[in-house]
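Here is the structure we will look at, set down as structure tokens.
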Amino acid sequence: MAGVNVRSPKAAERELRLVSPICRWTAGEWEGLNDLPWDEVQYTPRHVRLLSNHLIRAYAEAKRTTRPARRASRGQTLV
């Protein structure tokens, strides 16, 4: 989340929404972690590494595929 204004809750929320579809904090299974049930994730080096990598990859992919809305300047047309 480089370049995100951490003092802006709205900016942080906007960035976190990019990974929210894959998060399983209270129910379900983590599909990117070999379908590990949400309540079996532990604070172990292995699980921390797996979850961190999964979230980072998902965030990076979401940033690549999500284009911010642009406004047209006077006399320009956006396509």
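The values are calculated or read from the model by the stated rules, or taken from the named source; none is laboratory data. Remember, it's a predicted structure, so these values are computed and weren't measured experimentally. Note that we place each Cβ from the backbone using ideal geometry, even for glycine, and neighbour counts take in every protein chain shown.
Laid out as a table, the results:
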{"item": "Residue check for Thr65: at pLDDT below 95 and out of contact with any Lys or Arg (no Cβ under 9 Å at 6 or more places or on another chain)", "result": "yes"}
{"item": "Selection from the stretch 1-20 of residues that are modelled with pLDDT under 90 and not in a helix (DSSP H, G or I)", "result": "Met1, Ala2, Gly3, Val4, Asn5, Val6, Arg7, Ser8"}
{"item": "Selection from the stretch 19-52 of residues that are surrounded by 11 or more Cβ atoms within 10 Å (Cβ to Cβ) and of a type in the set (Gly, Ala, Ser)", "result": "Ser20, Gly28, Gly32"}
{"item": "Residues satisfying the stated conditions in the stretch 21-46, i.e. part of a helix (DSSP H, G or I) and either out of contact with any helix residue (DSSP H, G or I) (no Cβ under 8 Å at 6 or more places or on another chain) or small (Gly, Ala, Ser) (or both)", "result": "Pro21, Gly32, Trp38, Asp39, Glu40, Pro45, Arg46"}
